[in-house]
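Since the structure comes first, as structure tokens, the remarks are kept for the end.
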Amino acid sequence: MTETLQITEIPVPGYERVIRGVDPASGLHAIIAVHDTTLGPALGGLRMWPYKSEEDARFDVLRLSKGMTYKSAVAHTGLGGGKAVIIGDPETAKSEALYLAMGRLVDSLDGKYITAEDVNTSLADCAIVRRATKYVSGLAREDGGSGNPSPYTAYGVYLGIRAALGHVHGDDSCKGRTVAIQGVGAVGSALARRLVDDGAKVFAADRNHARLEKLAAETGLSPIDDDEIMTVDCDVFAPCALGAVLNDDTIPQLKASIVAGAANNVLLEPRHGNSLRERKILYAPDYVINAGGIINVSVEFHEGGYDEQVALQKIERIPVALKQLWTIAHEENIPTSEAADRLAERILADGRAAKA
Ligand code: NAD
């Protein structure tokens, strides 16, 4: 086969490697960003999105790869941060040739970047990528991977909620506490089951009403309307659907004293971390509390391969990280979201010092 994949470097200050791959034969147009490998190879998902321009794709991949560095640092996964994006319509542009070309692009980084499933890419797509490179993680258990990350993310969020209850009330029990979950998909539904089992009163909303009603029938949770989930009287608001839900309009309406959920990028802007702080709402930063999935994947790279017990033990350290950053926030008088970034930067600085 004639190789048509053209790979070019895009120099970006503060990033170790950023490469563009264009393959006219398959239609691949992709960017991989390796933000930082101080703590290990850069792991992050492969996203497919119909970006309007390469500039938009580049903005997204840079932002997301840096986020992965911070997330993995605080979670002590032994991995760095990276991300990959394919510019294209996931409805029409997917093909075997495209994912094989993507695999060759990933392989060109010799393991500096490890890819995984992400928005608009499936395990089946990643299995094709795997035919062209061994640097693919998060495959199905039957294919030697760590499988579906969602139950592990839910477990971490559940432990984080308990830690937050302990921090605010001096008692981490869920019994008699109320939690409002926005979105009961893969993570939210598993979280709801754990909370109900633990004696919490759970309110939940989901725009997929059939899914919500089915879960309510199975667990006894109380379904409520989408537009009431953020204003309901409760102890904990757990966003498990969309990003950017905490903003100037919604924060003043929150009745919860804790925000702790799985959704990524829940603050519309960084300053909203301070808006929560001003209202004395304890925020468990998204990328710290939702790290259970990446922790589970990271165990694939342990000696001897994936081991669920190791994954669970590492996820059980999420409350430790949360308590650490809540202490930093208190001592330095800053929002917990900023404290999370400081904690990540300290861990990275220690990693760099250890390597020097
Ligand atoms: P999912 O797609 O399985 O579930 C999302 C649910 O939210 C769906 O049931 C959907 O109907 C519902 N929803 C969407 N918009 C809504 C709205 N406006 N109001 C109420 N419900 C709405 O996704 P998931 O895997 O459960 O992930 C949930 C969130 O957690 C996402 O933001 C995801 O990025 C983040 N996250 C997931 C994982 C993981 O392991 N799956 C890991 C880290 C972070």
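The values are calculated or read from the model by the stated rules, or taken from the named source; none is laboratory data. This one's a predicted model, so the numbers in the text were calculated from it and none came from an experiment. Counting neighbours? That spans all protein chains shown, and the Cβs are built from the backbone with ideal geometry, glycine included. What goes into the accessible areas is simple: the full protein's heavy atoms, side chains included, and nothing from ligands, DNA or RNA. Shrake-Rupley method; radii C 1.70, N 1.55, O 1.52, S 1.80 Å.
Structure summary
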quantity	calculated
Where a residue in the stretch 37-61 is small (Gly, Ala, Ser) and its partner, wherever it lies, is in a loop (DSSP other than H, G, I, E, B), with Cβ under 6 Å and at least six apart	Gly40/Gly78; Gly40/Leu79; Gly45/Ala116; Gly45/Asp118; Ala57/Tyr51
Residue ID - farthest from the chain's Cα centre (by Cα), chosen from residues in the stretch 286-309 that are outside any loop (DSSP other than H, G, I, E, B) and loosely packed, with under 14 Cβ neighbours inside 10 Å	Gln309
Selection count, the stretch 245-262, where residues are assigned to a loop (DSSP other than H, G, I, E, B), open to solvent by less than 10 Å² (accessible area, probe 1.4 Å) and either among the hydrophobic types (A, V, I, L, M, F, W, C) or modelled with pLDDT under 95 (or both)	2
Pairs with Cβ under 6 Å, 6+ apart, first in the stretch 200-215 and assigned to a strand (DSSP E or B), second away from the ligand (no atom under 12 Å from the Cβ)	Lys201/Thr178; Val202/Val179; Val202/Leu195; Val202/Val196; Val202/Leu221; Phe203/Ser222; Phe203/Val232; Ala204/Leu221
Count - residues of the stretch 263-285 that are open to solvent by 20 Å² or more (accessible area, probe 1.4 Å) and either more than 16 Å from the ligand (Cβ to nearest atom) or in a helix (DSSP H, G or I) (or both)	10
Hey, Ala349 open to solvent by less than 90 Å² (accessible area, probe 1.4 Å), without any contact (Cβ under 8 Å) to a residue 12 or more places away in the chain and not in a loop (DSSP other than H, G, I, E, B) or not	yes
Checking Leu312 against (1) part of a helix (DSSP H, G or I); (2) out of contact with any Leu (no Cβ under 9 Å at 6 or more places or on another chain); (3) free of Cβ contacts under 8 Å to residues at least 40 places away in the same chain, the condition it does not meet	(3)
Top-ranked residue of the stretch 52-82 - restricted to ones that are part of a loop (DSSP other than H, G, I, E, B) and open to solvent by 30 Å² or more (accessible area, probe 1.4 Å), ranked as nearest to Leu105 (Cα to Cα)	Ser53
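A quick yes/no check of all residues on (1) open to solvent by 20 Å² or more (accessible area, probe 1.4 Å); (2) part of a loop (DSSP other than H, G, I, E, B):
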site	(1), (2)
Val85	no, no
Gly103	no, no
Asp110	yes, yes
Gly147	no, yes
